[in-house]
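What follows is a set of notes on a single structure, which appears directly below.
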Amino acid sequence: MTSPDDSTSPEPAPAQEEPQYADRIYRSPAGMAGGALMLALIGWLGIDALVHGEGRTPWLALAGLLFVVPLVSAYTVRPAVFAGTRMLRVRNPLRTVSLPWASVEDVRASFTSEVFAGGRKYQLWAIPVSLRARKKAVRHADRAAAQDTYGAEAQSEGRRAPVDEAMDELRELAERHAADEAAQGEPVGRWAYEVIAPAVAGAILLAILLATG
């Protein structure tokens, strides 16, 4: 016979946390490839001028590198869109904006990809609109419809332009997480001073060198 002190009540099972998934990342492969090639060419020419240049040439090369490299990187390699369970983070060339899903009103792509949040419009540099890709998807759907009338709808839905697929995914995430407690809040923006500061410094140095030449 057990005493009251010996009886133990079962411990409540720990609450299971909702699984966390990595952010979806959207970038432009063509922009990154083009930016990498441009940076390689600029770096090769700039370093050659720094090492082998005479007189003011090394200083001009240094100022040019400070001015050009950050801007080329910003407009080609830097743009990205991060879509998580809490927010949409848009990293554009000179500015990064964090948009909680509750503040996202719409995403659309006509001639550019755009997200509307907090009564404002933000362009998605990392998801460019390709009219060529859209025309290609339409031609593919037309060919599929001509081959199989009854399977036309399924075929057309299976082949879409990448930008339209990305818009559908972002729209779905916004609808799914808009009511989540962790997804509440207002848009928050931050300037990319790591890009702006060296570019401005390079521009000032380049202007001084040219003015005193």
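The values are calculated or read from the model by the stated rules, or taken from the named source; none is laboratory data. Keep in mind that what you see is a predicted model, and the values were worked out from it rather than measured. Cβ atoms come from the backbone with ideal geometry, glycine included; neighbour counts cover every protein chain shown. Heads up: the accessible areas ignore ligands, DNA and RNA and are worked out on the full protein's heavy atoms, side chains in. Shrake-Rupley method; radii C 1.70, N 1.55, O 1.52, S 1.80 Å.
Estimated at the nearest 10 Å², the accessible area of GLU172 is 90 Å² with a 1.4 Å probe. Of the listed residues ILE127, ILE204, ILE196, the order by accessible area with a 1.4 Å probe, largest first, is ILE204, ILE196, ILE127. The figure for ARG91 is an accessible area of roughly 60 square angstrom, using a 1.4 Å probe on the protein chains alone. When PHE82, PHE67, PHE111 are compared by accessible area of protein heavy atoms, the largest-first order is PHE111, PHE67, PHE82, using a 1.4 Å probe. Accessible surface of the range 24-105, 1.4 Å probe: 70 percent of it comes from carbon and sulfur atoms. Measuring from a point 7 Å past the Cα of ALA182 along Cα-to-C-beta, which residues in the range 59-88 have an amide N at less than 15 Å? Those under the cut-off are 83-88. Between the C-alpha center of the range 155-213 and that of the range 50-68 there is a gap of 31 Å.
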